[in-house]
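Just below is one structure, and these are the notes that go with it.
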Amino acid sequence: ETGVTQTPRHLVMGMTNKKSLKCEQHLGHNAMYWYKQSAKKPLELMFVYSLEERVENNSVPSRFSPECPNSSHLFLHLHTLQPEDSALYLCASSQSFRGAANVLTFGAGSRLTVL
Amino acid sequence: DAKTTQPTSMDCAEGRAANLPCNHSTISGNEYVYWYRQIHSQGPQYIIHGLKNNETNEMASLIITEDRKSSTLILPHATLRDTAVYYCIVRVANTGTASKLTFGTGTRLQVTL
């Protein structure tokens, strides 16, 4: 596979469930990102990882817990979510997290619905 | 990062050139202009970026005015598959912090037969 792959593509969960979103990149990139896109709102950056170290956390509630075990994989662990957390969650990667070469490659997203 | 202003929506006939404008009057000398697009229910896709000079690649051309306060993305022969939301973003490329892209609401381009 090439590019950035996200699984699952669709997820429905209750407010008491625990689930995880997975992202895998096959581009040899060193930085990975989680974005949230709610209906009719701009993309919001959630987390940034560079070489497996979290370098940015944009005031995201603790019910979202990222994990980056290696430079190719990124997870978003979800627990006790609220209905307003329903959104498209997008993973992206880039060669580095700074510089003009910092062009983002996005996955297709995971559509999350919280009941 | 400088703010950008784009029209909310535009229409373009298939086969014609689509010219998408972007105003960034507060752009700084070290800020790049990036363009991404997002086809419905997919992740955004990088198109092109530039600093001062006009740029062209296999997808599009980017024309930046001499004063750098505005730019135009040109899709030379629009097809139905180019229907998407197009985002113009300006940012400093070599910041000391995580170089995040701030996406606005973009321009919704509708290509019609």
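Just a few scattered comments:
- Solvent exposure of chain A amounts to 46 Å² per residue of accessible area, where only protein heavy atoms count and the probe is 1.4 Å.
- Taking a Cβ cut-off of under 13 Å around residue A:81, the surrounding Lys, Arg, Asp and Glu residues balance to a net charge of +2, with basic ones at +1 and acidic ones at -1.
- Counting Cβ atoms of other protein chains within 10 Å of each Cβ in B:33-46 and taking the mean gives 4.
- With q set to 0.18 Å⁻¹, the log10 of I(q)/I(0) for chain A, from the Debye formula over equal scatterers at the Cα positions, is -0.85.
- Counting only residues at least eight positions apart within a chain, or on another chain, the lysines with an alpha carbon under 17 Å from that of residue A:22 are A:36.
- Taking the convex hull of Cα positions in the protein assembly as shown, its mean projected area over all directions (nm²): 12.5
- Spin-label pair residue A:72/residue B:72, simplified geometry with 7 Å Cα→Cβ offset, distance in nm: 4.5
- Shown for chain A: cysteine residues without a partner Cβ closer than 4.7 Å, namely A:68.
- Cross-link pairs beyond the 28 Å C-alpha cut-off, checked among A:19/B:3; B:3/B:52; A:18/A:40: A:19/B:3
- Solvent-accessible area per residue in the range B:18-113 equals 47 Å², computed with a 1.4 angstrom probe and all protein chains kept.
- Other protein chain Cβ atoms within 10 Å, averaged over every residue that makes up A:38-44: 3
- Per-residue SASA entry for residue A:106, accessible area with 1.4 Å probe, Å² rounded to 10: 20
- The B-A contact accounts for roughly 1700 square angstrom of buried accessible surface, both chains included, probe 1.4 angstrom.
- Mean Cβ neighbour count within 10 Å, used as a protection proxy, ranking A:18-27, A:50-59 highest first: A:18-27, A:50-59
- Highest-MSF residue in chain B out of B:46, B:34, B:86 [GNM, Cα springs under 10 Å]: B:46
The values are calculated or read from the model by the stated rules, or taken from the named source; none is laboratory data. The shown structure was predicted, so the numbers you read here are calculated from the model rather than taken from an experiment. So basically every Cβ, Gly included, is an ideal-geometry build from the backbone, and we count neighbours across all protein chains shown. Side chains are part of the model used for accessible areas, which takes the heavy atoms of the whole protein and leaves out ligands, DNA and RNA. Shrake-Rupley method; radii C 1.70, N 1.55, O 1.52, S 1.80 Å.
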